[in-house]
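This report concerns only the one structure given below.
The values are calculated or read from the model by the stated rules, or taken from the named source; none is laboratory data. From a predicted model like this one, the values you see are computed outputs, not experimental measurements. With ideal geometry, Cβ positions are generated from the backbone for all residues, glycine too; neighbour counts draw on all protein chains shown. We work out accessible area using only protein heavy atoms, side chains counted, and drop any ligands, DNA or RNA first. Shrake-Rupley method; radii C 1.70, N 1.55, O 1.52, S 1.80 Å.
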Amino acid sequence: MPIKYDKLFSLMREKGLTTYRIRQENIISQSALTAIKNGKSVTTDTIAKLCKVLNCQPGDIMEYEEE
């Protein structure tokens with residue numbers, strides 16, 4: 001998949017958002033979190049929820065890279 005989420009994990013560290021908190025507060029589903037960790041596609045609703053909690057734009061958490 002040409003979408004990379006490295007920027008998401010950097011921003012999460014910067015803002016103190018852990019995967020534990022994501023699961024505990026049910027910000028996104030466990031399956032969506034696993035998909036992101038594995039570089040798979042996720043819904044725009046998932047991206048929107050992450051952007052809301054991190055107060056950012058989609059381009060701040062993901063980027064396109066040609067394969």
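Looking at the stretch 31-57, which of its residues are open to solvent by less than 80 Å² (accessible area, probe 1.4 Å), in a loop (DSSP other than H, G, I, E, B) and closer than 15 Å to P2 by Cβ?
G39, S41, V42
Take the stretch 7-28 and flag every residue that is out of contact with any helix residue (DSSP H, G or I) (no Cβ under 8 Å at 6 or more places or on another chain), open to solvent by less than 100 Å² (accessible area, probe 1.4 Å) and on the phi < 0 side of the Ramachandran plot.
F9, S10, R21
Can we say L17 is of a type outside the set (D, E) and outside any helix (DSSP H, G or I)?
yes
Out of the residues in the stretch 58-67 that are assigned to a loop (DSSP other than H, G, I, E, B) and more than 10 Å from the chain's Cα centre (by Cα), state the one that is nearest to G16 (Cα to Cα).
Of everything passing the filter in the stretch 58-67, E65 is nearest to G16 (Cα to Cα).
Where residues in the stretch 29-45 are more than 14 Å from T19 (Cβ to Cβ) and of a type outside the set (G, A, S), which of them is modelled with the lowest pLDDT?
Taking the candidates together, the pick is K40.
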